[in-house]
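K.L.:
Got a structure for you, written out below as structure tokens; questions coming shortly.
What follows draws every value from the coordinates through simple rules; no lab data is involved. These numbers come from a predicted model, not from an experiment. Note: ideal-geometry Cβ built from the backbone for every residue, glycine included; neighbour counts use all protein chains shown.
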Amino acid sequence: MTLLPRFLCQQRWPRLIGKSYFDFMNSIYEIAVIGKGMIGAATAKYLAKANYDVLLIGPDEPAAGSDALVYASHYDAARIFRRVGTDDCWTQLNLQSAAAFPEIEQESGIIFHYPVSCLYVSEYPDDPCLRYAHQIAADISQPPRFIDSSDEIKKEYPKFVFPHGVKAMVEPAPSGYIRPLDLISAQIKIFKNNGGYFINDTVIKIDHNRKGYQIITQAGHTYLTSKVVVCSGSFTNFNRLINHSLVFNLESETVLLVETRAHCPKYLVYFGRPADPTTMEFI
Ligand SMILES: Cc1cc2nc3c(=O)[nH]c(=O)nc-3n(C[C@H](O)[C@H](O)[C@H](O)COP(=O)(O)OP(=O)(O)OC[C@H]3O[C@@H](n4cnc5c(N)ncnc54)[C@H](O)[C@@H]3O)c2cc1C
């Protein structure tokens with residue numbers, strides 16, 4: 001078992017008061033959070049702020065071409081952030097997230113939220129999101145604005161061309177986008193400032209016995225903890241993290257990793273029919 005040099009970490013002193021010598025020597029944490037994506041980083045931060053003794057374990061983004069054990073859903077530059085969801089629950093969660101962004105930025109000193117507004121366009125006559133947005137528009141501050149034809153969209157957004165028959169809505173700020181890697185950095189900074197302990201490693205096994213959980217990592221370390229929160233996203237069924245497989249619905253999403261050079265055009269334009277990927281072309 002690895003004995004962590006926890007006494008070297010100044011921020012841990014308040015947490016060590018009241019711990020038994022046995023706990024200290026065996027590096028027993030109250031809670032381990034597995035996975036430092038957007039969900040795991042937020043979970044760890046809120047637990048540390050609630051004064052739990054928290055260990056967060058997750059690997060950094062693997063280098064290109066590496067044979068990493070796990071990957072993540074957030075290794076790119078932007079995640080669309082919209083306030084209007086598809087039902088009241090999602091909308092409430094979105095509004096609560098928007099309310100938390102300024103505080104996280106201020107506390108961490110890291111900017112991750114870009115409230116540039118958001119244009120939502122749909123070709124479906126009865127798009128559930130647009131239908132729901134019409135229902136709740138009167139109830140939220142800075143409500144969405146609706147545009148009913150592609151010609152109107154073109155007037156406002158001349159760089160975009162949409163087929164006839166589409167409908168759109170514009171959500172004003174704070175809708176826009178977030179930079180997921182910056183949000184995670186901000187959450188982990190606040191987590192550490194609140195006494196949380198972070199390990200850059202991948203969990204390969206979790207054993208449960210009557211004393212709690214024993215977590216074994218790729219680097220060969222073992223950590224003991226009373227509780228585990230698994231936040232490993234779509235890789236949860238890998239590495240024996242939980243003792244039954246989760247049922248996932250697979251949804252196809254085309255992800256393109258391109259390296260651009262300084263002289264590349266500012267805008268990438270897509271031609272082709274989504275149903276036939278062979279027609280894809282970018283300039
Ligand atoms: C291409 C794409 C576009 C998207 N666009 C949007 C968008 O515009 N707006 C939006 O809101 N959402 C979007 N999403 C969804 C959003 O990115 C995910 O919902 C979000 O990233 C999920 O966060 P997570 O923390 O659950 O999972 P992840 O981001 O996948 O994080 C899981 C973490 O767990 C770690 N992990 C896994 N296994 C282990 C292990 N054994 N030990 C330790 N750590 C482990 C991984 O390394 C990773 O860091 C998009 C997703 C994709 C793929």
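K.L.:
Please report the net charge: other residues with Cβ closer than 14 Å to the Cβ of Ser175, K and R +1, D and E -1. Numbers along the way, then the final one.
P.N.:
On the way: positive: Arg79, Arg82, Arg83, Arg145; negative: Glu171.
So the surrounding residues net to +3.
K.L.:
Something else now. Mind checking the full-extension length gain between Cys129 and Ser226? Use 0.36 nm per residue of separation minus the Cα-Cα distance, one decimal, nm. Intermediate values should be presented prior to the final figure.
P.N.:
Working: separation 97, 0.36 × 97 = 34.92 nm, distance 4.17 nm.
Using 0.36 nm per residue and subtracting the Cα-Cα distance, I get 30.7 nm.
K.L.:
Sorted by average packing, counted as other Cβ atoms within 10 angstrom per residue and highest first, what order do 138-146, 179-187, 115-123 take?
P.N.:
179-187, 115-123, 138-146
K.L.:
Let me ask another. Provide Glu251, Glu107 in ascending order of the number of other Cβ atoms located within 10 Å of each residue's Cβ, fewest first.
P.N.:
Glu251, Glu107
K.L.:
When only C-alpha pairs under 8 Å and at least 6 residues apart count, what is the relative contact order of the range 79-178, in percent?
P.N.:
Once normalised by length, the contact order is 43 percent.
K.L.:
Related question: I'd like the distance separating the alpha-carbon centroids of the range 48-72 and the range 105-140, in whole Å.
P.N.:
29 Å
K.L.:
Something else: Ser232: net charge of surrounding residues, Cβ under 14 Å, Lys/Arg +1, Asp/Glu -1, itself excluded? Intermediate results must be reported in sequence, preceding the final value.
P.N.:
Values: positive: Lys36, Lys205, Arg240; negative: Asp201.
Net of charged neighbours comes to +2.
K.L.:
Let me ask another. What's the extension gain from Ala77 to Ala50 if we count 0.36 nm per residue and subtract their Cα-Cα distance? Before the final figure, lay out the partial values.
P.N.:
Details: separation 27, 0.36 × 27 = 9.72 nm, distance 3.04 nm.
Result: 6.7 nm gained on full extension.
K.L.:
Here is a follow-up. With the cut-off at 14 Å, report for the range 95-176 the share of all Cα pairs above it, as a whole percent.
P.N.:
Tail fraction, whole percent: 67.
K.L.:
Quick one: if the Förster radius is 30 Å, what FRET efficiency do Leu69 and Glu251 give, using the C-beta to C-beta distance and rounding to 0.05?
P.N.:
The computed FRET efficiency comes out at 0.85.
K.L.:
If you count, for each residue, the other Cβ atoms within 10 Å and average over each peptide, how do 56-69, 219-232 line up from highest to lowest?
P.N.:
219-232, 56-69
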